[in-house]
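The next block holds one structure in the form of structure tokens; read it before the comments.
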Amino acid sequence: MLTLVWLIAVIAGFLVLAYVNAAGWLWSGAIALALAVAWVAHLLPPLLVIVPALVLVVLAIPLNYPPLRRALVSDAILAIFRKILPQMTSTEREAIEAGTVGWDGELFSGRPDWRKLLALPAPRLTPEEQRFIDRECEEVCGMVSEWETTNIYKDLPPQVWQFIKDKGFLGMIIPKEYGGLGFSAFAHSQVVAKLASRCSALVVTVMVPNSLGPGELLLHYGTDEQKRYYLPRLAKGIEIPCFALTNPHAGSDAAAIPDFGIVCKGEYQGRQTLGLKLTWEKRYITLGPVATLLGLAFRAFDPDHLLGDREDLGITCALIPTHHPGVNIGRRHMPLNAVFQNGPNWGKEVFIPIDWLIGGQAMIGKGWRMLMESLAAGRSISLPSLSTGMSKLVVRATGGYARVRSQFKTPIGKFEGIEEPLARMGGYLYSMDATHKLLAGVVDLGEKPAVLSAIAKYHLTDRGRSVVTDAMDITGGKGICMGPSNFVGAAYMQVPVSITVEGANILTRSLIVFGQGAIRCHPYVLKEMAAAHDSDLKAASVAFDRALFGHIGFVLSNFARTFVLGILGSHVVAVPDVAPETRRYYQQLTRFSAALAFLADVSMGVLGGALKRKEKLSARLGDVLSYLFLCSTTLKRYEDEGRQAADAPLMHWAIWDAMFKAQTALEGVISNFPNRLIAAVMQRTVFPLGRPYVVPSDKLGHDVAKLLIEPSATRDRLTGGMYLPQAEGDAMRTIESALEATLAAEPIEARIREAQKAGRLSIKLGEDRGSAAQAANLITADELALVRKARRLVDQVIRVDDFAPDLGVSEMRPPAVTPTSPEVARKAAA
Ligand SMILES: Cc1cc2nc3c(=O)[nH]c(=O)nc-3n(C[C@H](O)[C@H](O)[C@H](O)COP(=O)(O)OP(=O)(O)OC[C@H]3O[C@@H](n4cnc5c(N)ncnc54)[C@H](O)[C@@H]3O)c2cc1C
């Protein structure tokens with residue numbers, strides 16, 4: 001019996017040591033103590049004490065003395081590591097090393113420090129930025145409509161092009177000293193979200209020059225002369241930029257572009273000049289057809305060694321005026337009926353002087369690094385903000401529609417079947433808004449969130465797609481028939497564009513989130529890899545030893561923490577001062593963070609380099625990281641907004657949904673893990689008492705759906721920052737008015753129905769109920785007017801557009817040549 005107690009105490013003690021990631025000497029001392037107790041109390045046969053004691057002495061001394069440990073253990077492992085570690089190409093290394101690690105590192109640590117997340121300041125707009133959003137953004141949104149841009153102009157109307165140029169929309173990220181607006185990342189993201197709630201052509205046209213492209217690249221890498229010349233022109237829209245990377249043969253695998261430039265001498269402005277002869281073919285290039293300044297990525301070669309010994313210099317970026325002889329540009333693609341400018345461009349043996357390279361000759365061959373370093377900021381803002389803004393429009397409009405559209409004498413939003421998609425839309429939007437705001441905020445704090453921006457790009461565009469698909473189901477035929485009053489059809493058509501660009505979603509999920517996350521966010525892996533590639537053998541030995549033994553402690557700790565927190569339901573996790581209703585979420589997230597770190601290490605340890613090809617496993621591990629991040633932003637939002645009790649259902653729904661999905665992803669990793677023995681250990685460690693999470697409850701879903709279909713401060717907060725048109729006849733305005741009028745008229749309608757039931761009012765066939773009720777003095781003239789107004793507005797909302805037999809082609813004439821047509825724009829710039 002005593003032996004059993006001793007054994008239990010030993011296991012518990014070891015779990016505690018592993019849990020707290022105790023130092024090696026503490027382990028040695030604890031093992032010695034356990035053996036001493038067993039010896040003194042005669043708990044084990046002498047041999048079972050003496051042999052482990054001898055092993056302890058033999059191991060403890062070298063393991064606790066680093067120089068000896070290196071000589072006996074880690075140098076040998078380092079030698080093997082050097083042999084088996086696959087050589088990384090420079091493009092792979094530059095992609096992995098780009099950007100910064102922030103909250104993603106905490107989530108990967110197995111013990112996230114929630115105080116760090118909560119201490120992040122909530123982003124704020126300056127008065128000037130707020131004014132821009134209230135005035136210029138409002139004004140430009142009022143100047144466009146999705147229907148007109150798509151069907152009449154097939155572009156932004158000329159006056160809108162002029163407005164966005166004049167007001168500096170195209171130079172939001174350009175500092176004031178160069179004539180730009182010099183906005184913060186947060187302001188930039190708020191502008192994008194607002195424009196996205198109005199018109200896709202508008203938002204994409206504004207978004208692209210402010211994202212990864214000539215402006216951003218010039219700011220970071222341009223020569224002073226390039227900055228002085230181009231930035232003021234870009235800021236004022238004198239130059240329209242585009243950035244061309246994608247080639248027909250290299251889309252997702254962008255580093256493999258076959259476009260090339262040969263370093264040579266050529267004639268430019270009548271003089272022999274050092275430069276490059278470029279041959280390229282690009283497609284899908286946004287703003288390309290109207291661009292005056294082409295940012296071009298290609299591979300530079302120096303076969304005649306005019307610059308040095310190397311021939312293949314690597315990916316390089318240049319800025320080429322589109323009127324330059326040999327540049328073919330102007331034709332358009334039609335991406336899912338969206339009318340933002342997009343098209344191919346190409347050139348053959350086009351000579352450009354070397355100082356057209358971004359950053360000049362010094363930056364030749366450094367294009368991939370430039371792109372990877374700059375990607376994180378733009379990716380944190382453009383598509384996450386676009387998807388959030390578009391979802392705000394769709395959620396607000398669909399919620400209102402579901403309340404005013406009745407079937408079976410009931411508003412459709414009150415059917416349980418419709419509540420389900422409504423709840424998903426609301427819960428998703430709450431966390432989308434939280435995520436895009438937090439990311440913009442951390443960019444303003446100087447971070448370049450490489451992994452978190454990939455997560456946001458993938459999940460927010462994917463959620464945007466889900467929101468729009470749900471809206472289509474809820475609106476039925478109204479969403480299907482296109483016309484000015486359809487508020488969801490265009491978004492439904494165009495949503496795959498966001499899914500595909502800036503790293504197609506499947507690739508981002510399968511290869512980037514975990515692939516990059518595991519290496520960048522892990523506290524030891526990058527250090528081990530760096531040591532293995534270090535040519536200074538002594539420094540490598542010290543660094544590798546430290547990283548290796550840190551790593552072993554880390555794995556043991558995460559194993560113990562995952563198991564112990566699973567057994568104790570994570571109740572022991574200390575949580576900072578947060579809303580009491582969210583306390584358990586922080587504890588469970590800490591538990592899942594430990595599980596992620598544990599499974600990630602086991603997967604990397606067992607599968608090694610093969611994990612890169614096991615995309616389904618790596619995608620699921622990435623999903624866990626992603627859902628932990630989405631939960632973090634959701635909780636942070638709840639705190640930042642002052643723990644709004646009325647919004648709590650949205651927060652709870654978003655967390656339960658994401659935690660359930662994180663749990664499903666963990667299970668997916670375990671049940672598909674190739675080594676079944678290890679999978680069994682994983683299962684017992686991660687879920688020792690079964691699964692803690694289920695899908696969000698029906699009751700919670702009901703509470704969320706209710707918030708979407710009636711006006712409230714919560715609905716306003718959920719869709720805050722979107723454009724709310726004031727113009728009569730606008731589809732969104734009509735829904736808002738119809739919703740207000742319907743709710744005001746409902747008690748009156750109820751009185752009429754009651755009177756009818758009680759026999760106090762009889763209505764003849766074909767007679768208007770309202771008129772009959774007023775004639776019977778059951779309602780006043782004002783009340784009758786209200787009832788009629790509500791019916792008229794609801795009729796307008798549910799009406800769908802119809803057209804002449806030619807589908808209105810004759811009515812929708814394109815305007816004559818506009819100032820934005822490619823020829824005019826390029827001539828003007830020339
Ligand atoms: C409207 C639009 C605007 C664009 N704007 C620009 C622009 O301004 N400038 C520019 O340079 N480019 C632009 N692009 C190009 C865009 O970045 C590419 O379309 C994108 O990189 C995907 O390339 P692809 O279309 O050739 O698809 P492919 O690379 O052929 O991919 C097809 C599918 O395979 C998946 N896939 C590929 N590799 C893997 C993998 N290893 N594991 C798992 N799945 C994988 C992808 O996720 C995708 O689902 C634009 C594209 C569109 C459609």
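The values are calculated or read from the model by the stated rules, or taken from the named source; none is laboratory data. What you see is a predicted model; the values in this text were computed from it and never measured. Here Cβ is always computed from backbone atoms with ideal geometry, including for glycine, and neighbour counts include all displayed protein chains. What goes into the accessible areas is simple: the full protein's heavy atoms, side chains included, and nothing from ligands, DNA or RNA. Shrake-Rupley method; radii C 1.70, N 1.55, O 1.52, S 1.80 Å.
Only one entry of Met207, Met172 meets the criterion of being away from the ligand (no atom under 16 Å from the Cβ), buried (at least 24 other Cβ atoms within 10 Å of the Cβ) and within 28 Å of the chain's Cα centre (by Cα), and that entry is Met172. Candidates in region 579-603 are the residues that are open to solvent by 10 Å² or more (accessible area, probe 1.4 Å) and out of contact with any helix residue (DSSP H, G or I) (no Cβ under 6 Å at 6 or more places or on another chain); of these, the one that is nearest to Gly668 (Cα to Cα) is Val602. Only a single criterion out of (1) more than 19 Å from Gly441 (Cα to Cα); (2) more than 12 Å from the ligand (Cβ to nearest atom) is not satisfied by Ala193, namely (1).
Just one of the listed residues (Asp104, Asp75, Asp113) is of a type in the set (D, E, K, R) and open to solvent by less than 30 Å² (accessible area, probe 1.4 Å), and it is Asp104. When Val394, Val443 are screened for being open to solvent by 10 Å² or more (accessible area, probe 1.4 Å) and either more than 16 Å from the ligand (Cβ to nearest atom) or in a helix (DSSP H, G or I) (or both), only Val443 passes. Taken over region 33-45, the criterion of being open to solvent by 80 Å² or more (accessible area, probe 1.4 Å) and either of a type in the set (Asp, Glu) or in a helix (DSSP H, G or I) (or both) is satisfied by Leu33, Trp39, Val40. Given Pro688, Pro692, which one is modelled with pLDDT of 95 or more, within 24 Å of Ile567 (Cβ to Cβ) and outside any helix (DSSP H, G or I)? Pro688 is the lone residue from the list that is modelled with pLDDT of 95 or more, within 24 Å of Ile567 (Cβ to Cβ) and outside any helix (DSSP H, G or I). Taking every residue in region 675-696 that is without any contact (Cβ under 8 Å) to a residue 12 or more places away in the chain and pairing it with any residue that is surrounded by fewer than 13 Cβ atoms within 10 Å (Cβ to Cβ) and part of a helix (DSSP H, G or I), at least 6 positions away or on another chain, the pairs with Cβ-Cβ distances below 8 Å are Ala679/Ser671. When restricted to residues that are over 23 Å from the mean Cα position of the chain (by Cα) and either more than 10 Å from the ligand (Cβ to nearest atom) or assigned to a loop (DSSP other than H, G, I, E, B) (or both), region 328-343 contains 10. Selection within region 270-312: residues that are within 13 Å of the ligand (Cβ to nearest atom), of a type outside the set (D, E, K, R) and farther than 21 Å from Gly359 by Cα. The member of this set that is surrounded by the most Cβ atoms within 10 Å (Cβ to Cβ) is Gly288. Residues being open to solvent by 40 Å² or more (accessible area, probe 1.4 Å), of a type in the set (Ser, Thr, Tyr) and either in contact with a helix residue (DSSP H, G or I) (Cβ under 8 Å, 6 or more places away or on another chain) or under 20 Å from Ala397 (Cβ atoms) (or both) are represented in region 776-795 by at least one member. Does region 466-480 contain at least one residue that is more than 16 Å from the ligand (Cβ to nearest atom), surrounded by fewer than 19 Cβ atoms within 10 Å (Cβ to Cβ) and in a loop (DSSP other than H, G, I, E, B)? Yes, there is a match, as at least one residue in region 466-480 is more than 16 Å from the ligand (Cβ to nearest atom), surrounded by fewer than 19 Cβ atoms within 10 Å (Cβ to Cβ) and in a loop (DSSP other than H, G, I, E, B).
Just for region 481-517: of the residues that are assigned to a helix (DSSP H, G or I) and polar (S, T, N, Q), which one is farthest from the ligand (Cβ to nearest atom)? Ranking the candidates gives Gln516 first.
When region 478-530 is limited to residues that are of a type in the set (Lys, Arg) and at pLDDT 95 or above, the one that is farthest from Asn337 (Cα to Cα) turns out to be Arg509.
With respect to the conditions (1) outside any loop (DSSP other than H, G, I, E, B); (2) polar (S, T, N, Q); (3) open to solvent by 70 Å² or more (accessible area, probe 1.4 Å); (4) more than 21 Å from Ala187 (Cα to Cα), Thr150 falls short on a single one, namely (3). Scanning region 499-509 for residues that are surrounded by fewer than 20 Cβ atoms within 10 Å (Cβ to Cβ) and among the small types (Gly, Ala, Ser) yields a total of 1. The residues of region 324-371 that are over 22 Å from Tyr230 (Cβ atoms), in contact (Cβ under 8 Å) with a residue 12 or more places away in the chain and among the aliphatic types (A, V, I, L, M), listed by number, are Leu336, Ala338, Val339.
Within region 119-146, how many residues turn out to be among the β-branched types (Val, Ile, Thr), under 22 Å from Pro725 (Cα atoms) and not in a helix (DSSP H, G or I)? Final tally of qualifying residues: 1.
Count of region 74-116 residues, restricted to those that are touching a residue at least 40 places away in the same chain (Cβ under 8 Å), in a helix (DSSP H, G or I) and among the β-branched types (Val, Ile, Thr), is 4. Mind checking which residues of region 524-561 are acidic (Asp, Glu) and part of a helix (DSSP H, G or I)? Residues satisfying the conditions are Glu528, Asp545.
So that you can scan it fast, the table gives a plain yes or no per residue for (1) assigned to a strand (DSSP E or B); (2) open to solvent by 30 Å² or more (accessible area, probe 1.4 Å); (3) away from the ligand (no atom under 13 Å from the Cβ); (4) of a type in the set (S, T, N, Q):
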residue: Leu219; (1), (2), (3), (4): no, yes, yes, no
residue: Glu225; (1), (2), (3), (4): no, yes, yes, no
residue: Arg228; (1), (2), (3), (4): no, yes, yes, no
residue: Gly237; (1), (2), (3), (4): no, no, yes, no
residue: Cys242; (1), (2), (3), (4): yes, no, no, no
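Take Lys409 and tell me if it is farther than 16 Å from Val468 by Cβ and among the basic types (Lys, Arg). Taking the combined requirement at face value, the residue satisfies it.
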